[in-house]
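Nothing in this text is a laboratory measurement; each read-out follows from the coordinates by a stated rule. Nothing here was measured: the structure is a model prediction, and the numbers come from that model. FYI the Cβ positions are ideal-geometry reconstructions off the backbone, even for glycines, and counts take in every protein chain you see.
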Amino acid sequence: MTNTKKATCHGSCSTPGVAGIWLDEHVLVEAAKKVRSAGFKKTEAISPFPIHGIDEALGISRSMIPWVTFIFGLLGFSFGLWFTWWTSSVDWPVRISGKPMWSIPAFVPIMFECTILFGALSSVGALLFLTRMPRLNPPIIDPDLTSHKFALFIPEDDVQFDGAKIEQLFKQLGAVEVKRVEF
């Protein structure tokens, strides 16, 4: 039987789990390291701004967005090269003052702009796709997570999930608040 939750959520799925809330980002990074060393693999960190070291603490690998940007940038450059050749030499060849039909230096700005356009649009598209944004009804763990609080979330489908033990672990690691939520 198929998973009906995924089939019916339409981009606003929430996973139940336990969230711990911290007031200091440095304490959060240390807590994330200890949570990972405890064997949890699907831990999420929620922060109002990027935190140095949180990716390493949670074992998050580098994003694939730079590769998407590079590949689509090359595609944009190739398109600009082909497009300028086709329009100048094939579709509308006009010889002016004995100049060549197609001259690369004249079309460098067009190739550059196509490279930037394709790279930038693919970066934004990859970001939205990989982060599953926008979400129609995003879950809210705590409204202050957008200003001055930080959180770690462990979903129920993690390998060693035990709600009571996780709550105790979060409190030992300095969480000011621990709650069962959906995220």
- Of the numbered conditions (1) more than 27 Å from residue 129 (Cα to Cα); (2) surrounded by 15 or more Cβ atoms within 10 Å (Cβ to Cβ); (3) under 25 Å from the mean Cα position of the chain (by Cα), residue 39 satisfies every one except a single condition; which is it? (2)
- Task: Determine the pairs where a residue that is in contact (Cβ under 8 Å) with a residue 12 or more places away in the chain, located within the range 84-108, has a partner that is assigned to a loop (DSSP other than H, G, I, E, B) and among the charged types (D, E, K, R) with Cβ atoms under 7 Å apart, the partner being 6 or more residues away or on another chain.
- Result: 101/95
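Which one of 163, 98 is of a type in the set (Gly, Ala, Ser) and surrounded by fewer than 10 Cβ atoms within 10 Å (Cβ to Cβ)?
Result: 98 is the single residue among 163, 98 that is of a type in the set (Gly, Ala, Ser) and surrounded by fewer than 10 Cβ atoms within 10 Å (Cβ to Cβ).
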- Note on the structure: Subset of the range 143-156, residues part of a loop (DSSP other than H, G, I, E, B) and under 21 Å from the mean Cα position of the chain (by Cα), comes to 147, 149
- Hey, residue 105 hits all of (1) surrounded by fewer than 12 Cβ atoms within 10 Å (Cβ to Cβ); (2) closer than 30 Å to residue 36 by Cα but one; which does it fall short on? (2)
- Note on the structure: Residue hits (the range 157-175; out of contact with any strand residue (DSSP E or B) (no Cβ under 6 Å at 6 or more places or on another chain), assigned to a loop (DSSP other than H, G, I, E, B) and among the hydrophobic types (A, V, I, L, M, F, W, C)) are 159, 161, 173
- Task: Kindly indicate whether any position in the range 83-93 is within 19 Å of residue 183 (Cα to Cα), hydroxyl-bearing (Ser, Thr, Tyr) and either surrounded by fewer than 14 Cβ atoms within 10 Å (Cβ to Cβ) or under 18 Å from the mean Cα position of the chain (by Cα) (or both).
- Result: no
